[in-house]
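Written out below as structure tokens is the structure these notes cover.
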Amino acid sequence: MTHRYALRFEEGERRGEVVALTGAATTFGRKPGNSVQVLDPSVSGKHAEVVVDGDQVTLRDLGSTNGSRVNGERISERRLQVGDRLMLGTVELVLLDAQAKPAAAPHGDGGRG
């Protein structure tokens, strides 16, 4: 089964890694036992969770020390949109959608002016 949503690490030692959001809730944190362990000192032991409910994705901060942000705004809970930039402490991730169609190249006039 292919999962629709995923998060891609944008920085740090996991840069470029894509994590599929496979269950109803995916927890992120520094301690073992989280769905995704993030070994960064800015990330709390149990930092945040991402909940997928049908075609809705929600980020919830779990009382982390350094907070969670969506597109630069500190949040406690926020519904996400594809392309949103999440910060867990100082670790940046981007929400991806496997069903999103790639943007088509613009059809120009061939440089004629």
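Checked against (1) open to solvent by less than 80 Å² (accessible area, probe 1.4 Å); (2) over 14 Å from the mean Cα position of the chain (by Cα); (3) touching a residue at least 40 places away in the same chain (Cβ under 8 Å), Leu62 passes all but a single condition, namely (3). When only residues in region 65-95 that are in contact (Cβ under 8 Å) with a residue 12 or more places away in the chain and either in contact with a Cys (Cβ under 6 Å, 6 or more places away or on another chain) or basic (Lys, Arg) (or both) count, which is least open to solvent (accessible area, probe 1.4 Å)? Filtering region 65-95 for residues that are in contact (Cβ under 8 Å) with a residue 12 or more places away in the chain and either in contact with a Cys (Cβ under 6 Å, 6 or more places away or on another chain) or basic (Lys, Arg) (or both), the one least open to solvent (accessible area, probe 1.4 Å) comes out as Arg78.
Name every residue in region 26-42 that is open to solvent by less than 50 Å² (accessible area, probe 1.4 Å) and under 14 Å from the mean Cα position of the chain (by Cα), in order of residue number. Can you show your working first?
Keep residues of region 26-42 that are open to solvent by less than 50 Å² (accessible area, probe 1.4 Å), which gives 26-29, 34, 36, 38, 40, 42.
Matches in region 26-42: Thr26, Thr27, Phe28, Gly29, Val36, Val38.
The values are calculated or read from the model by the stated rules, or taken from the named source; none is laboratory data. All values derive from a computational prediction rather than experimental measurement. Glycine gets a Cβ as well: all are built from the backbone with ideal geometry, and neighbour counts include every protein chain shown. What goes into the accessible areas is simple: the full protein's heavy atoms, side chains included, and nothing from ligands, DNA or RNA. Shrake-Rupley method; radii C 1.70, N 1.55, O 1.52, S 1.80 Å.
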